[in-house]
Every structure is written in structure tokens, then in C-alpha cells.
1. Filtering region 1-27 down to residues that are part of a loop (DSSP other than H, G, I, E, B) and among the β-branched types (Val, Ile, Thr), which residue is farthest from the chain's Cα centre (by Cα)?
2. Considering Val154, Val196, Val147, which residue is among the β-branched types (Val, Ile, Thr) and touching a Leu at 6+ places or on another chain (Cβ under 6 Å)?
3. Could you say which residue among Ala210, Ala233, Ala146 is free of Cβ contacts under 8 Å to residues at least 40 places away in the same chain and part of a helix (DSSP H, G or I)?
4. What number of residues within region 80-117 satisfy the criterion of being farther than 21 Å from Gly153 by Cα and surrounded by fewer than 17 Cβ atoms within 10 Å (Cβ to Cβ)?
5. Does Val275 qualify as being at pLDDT 65 or above and either surrounded by 12 or more Cβ atoms within 10 Å (Cβ to Cβ) or not small (Gly, Ala, Ser) (or both)?
Amino acid sequence: MTFFSVLLALLAEQFFPVEKTHWIRRLTAHWITKVVNYCDTGEQGSAKVAIFLLLFPPVFFVLLVHLWLIYQYPLFALFWNVLIVYWFLGFRQFSHPYTLIQKNLEDRQIDVARKELGDWVGLSLNTETMTETEVVRHTLERGILAVHSNVFGVFFWFLLPIGPAGVVLYRLTLMAEEQWRFETASPVLRQTIKKVRYIMDWVPTRLTAAGFAIVGNFEQAAYAWRFHQKKWATQSEAILIGTGGGALGVRLGSPLAELDSRQAMQLAENGDRPVQEFGAEPMREHLVYGASLVWRAIVLWMILLAMLTVAVWIGPL
């Protein structure tokens, strides 16, 4: 059931994408805002209560419906799974702006590409004076993070025994963490939800990175995973972007700081080699390669899901 649920949800999302203006997205954003307004007092205790109230009611409701349908109407349970995954998958939220930026760069419309990137990333990134190389680099980095949180992380949590409830739990956590950055949420609440997200994303992050390494340049992806984590603000971003860039053979992130003479001598005395940059400078062609990498990773996940489904079917035989 898991394989067919994901497959049908992917197909449905291709033809009828769930945009940000979709009612389920607006309802989710409204729910996240209401939790802040009614529960956030700036104290640690209220932060825990807010996160509990944010997650427990919708997750429990989805799980309850899921279990009831499995025992009463198994066919409708499949429909329920497809519906939940379809609502929260968000593949087109990654692919649509990514494709627009790619097309604008191919048409030499750098200003439009900058604007599309700024609209996609938000106020945290100033794109007005970016060169084409910088636009490509930030598009690849944003795309890698987006495809993980909207697709591969959803796949992982859907595989857990709680099924669609895991999808809601994961996506609500990530959406709240992103939305509360720009709302009047207290620093305590933002820090608490950030910790919850880190815990929930620990395993999916590494599975996504492993998938990139398998379908891309494994050697460079593994090198970046191990040695390039200082290039990004968080460990999750470092693993995902570093591995994705390594799999593509493209240089992402800020350049590594050069070693001074003392650090170089210390490495030489220890017999260690200095950490090196690798890969080519980002070019518009790499956006095509990035989309191809994502599709290969999705196919890999789908093959694994199909194998798991077959194993479950033949297990009792």
C-alpha cells in the first residue's frame, strides 16, 4: 500500500499541484499562527505546550482515521494515504520555481531569474546584484534543501508504522519552524521547534544525502559529507548541500578559509592532508544536472519502496 500511495500522490501532484494558495496550505498556516497567538508567552513551559498543541490534534486525528479505515474499509485507507501524502508532499513547490529560474537563465533574462530566486528564498537572501554563477549556486542549494523537506523527508516519515500521521507530524514541524522565523514567535519557541526539527530530520537528512551519493558522484559526495561541514550554518544543511554538490561535481557554498602557516605546519606534522575544494564553478547547465540528480534519487527511493512492498507481500508465503 505504501508504494502505491506514494506513486499515486506523485502523479496527482504533477497534474494538480498543491500551491501555497491551496486551502490545506492556508489552513495549516492559519493553525500554526493561532498556536503562537494563544500559547506563546516566551517561557520554556509555554513553548512545550505550544508545540504539543501544534502537533498532537492533527496528528492524532489523521492516525485515528487511518487505523479506523484499515480495519473497516481497507480500500478507503489507501485513498486516505494518497490524499494526505498528496496534500503535504510539495514536489511542485520545489520544481516550479527551480524550472522558472532555469528557463530564465537559458533565455539570458538574469534580472527575472534574480527576482524568481528572491521570491522563492524570501527576505533572507538579497538577489539584486547577484551574478549568474551566484544565482545558479543559490538555486541549487535552495533546491537541494527544498526537495529534501518536501519529498524525501516525507517519504521517510510515511514509511513509519504511523503512516500518514508521520507525514503530518514531519511537515507541520518543518512548516512551523520556517513560519515562526518571520512571525512574532518568542526566541524560546523558535529555539525549541528548531531542536524538534533537528531530531525529526536527523535520519531523513542522512538518507537523502546517501541517496544523492549513490546516484551521483559517490567519491566527491562522501568527501564533502566528511570534510565540508564548516561551510554551512547547520549540520543538516552541510550534509545535504555538501553531498548534493559533491554528487553533481559542482562547487557550492562559500569558499573554504585558507590555512595560515601554523595550521599548515600542524597538518604536515600530523601527516594529514588539508581539506580541498572540488568541482566546477556553478553554471546554468548544472541546473539541468541538478534536476536529473533529483529524479534519479526519486527513482531510487521508489525502487526501494517497491522492493519493500514485494517483501511484505511474499513474507507470509
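1. Start the filter on region 1-27 by keeping residues that are part of a loop (DSSP other than H, G, I, E, B), which leaves 1, 16-22.
Of the ones still in play, those that are also among the β-branched types (Val, Ile, Thr) are 18, 21.
Working: Val18: 16, Thr21: 20 Å.
Ranking the candidates gives Thr21 first.
2. Val154
3. Working: Ala233 fails: part of a helix (DSSP H, G or I); Ala146 fails: free of Cβ contacts under 8 Å to residues at least 40 places away in the same chain.
Just one listed residue meets the conditions, Ala210.
4. Of the residues in that region, 10 qualify.
5. Values: at pLDDT 65 or above: no; either surrounded by 12 or more Cβ atoms within 10 Å (Cβ to Cβ) or not small (Gly, Ala, Ser) (or both): yes.
No: the conditions fail for Val275.
Residue-by-condition table, conditions (1) under 18 Å from the mean Cα position of the chain (by Cα); (2) more than 28 Å from Leu169 (Cα to Cα); (3) surrounded by fewer than 21 Cβ atoms within 10 Å (Cβ to Cβ):
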{"position": "Tyr198", "(1), (2), (3)": "yes, no, yes"}
{"position": "Phe212", "(1), (2), (3)": "yes, no, no"}
{"position": "Val215", "(1), (2), (3)": "yes, yes, yes"}
{"position": "Trp232", "(1), (2), (3)": "yes, no, yes"}
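So that you can scan it fast, the table gives a plain yes or no per residue for (1) in a helix (DSSP H, G or I); (2) in contact with a Phe, Trp or Tyr (Cβ under 8 Å, 6 or more places away or on another chain); (3) at positive phi:
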| site | (1), (2), (3) |
| --- | --- |
| Ala29 | yes, no, no |
| Gly42 | no, no, yes |
| Gly45 | yes, no, no |
| Pro58 | yes, yes, no |
| Ile70 | yes, no, no |
| Ile84 | yes, no, no |
| Asn104 | yes, no, no |
| Arg108 | no, no, yes |
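The values are calculated or read from the model by the stated rules, or taken from the named source; none is laboratory data. None of these values were measured; they are calculated from a predicted model. Don't worry about glycine lacking a Cβ; one is built from the backbone with ideal geometry, like all the others, and counts go over all protein chains shown.
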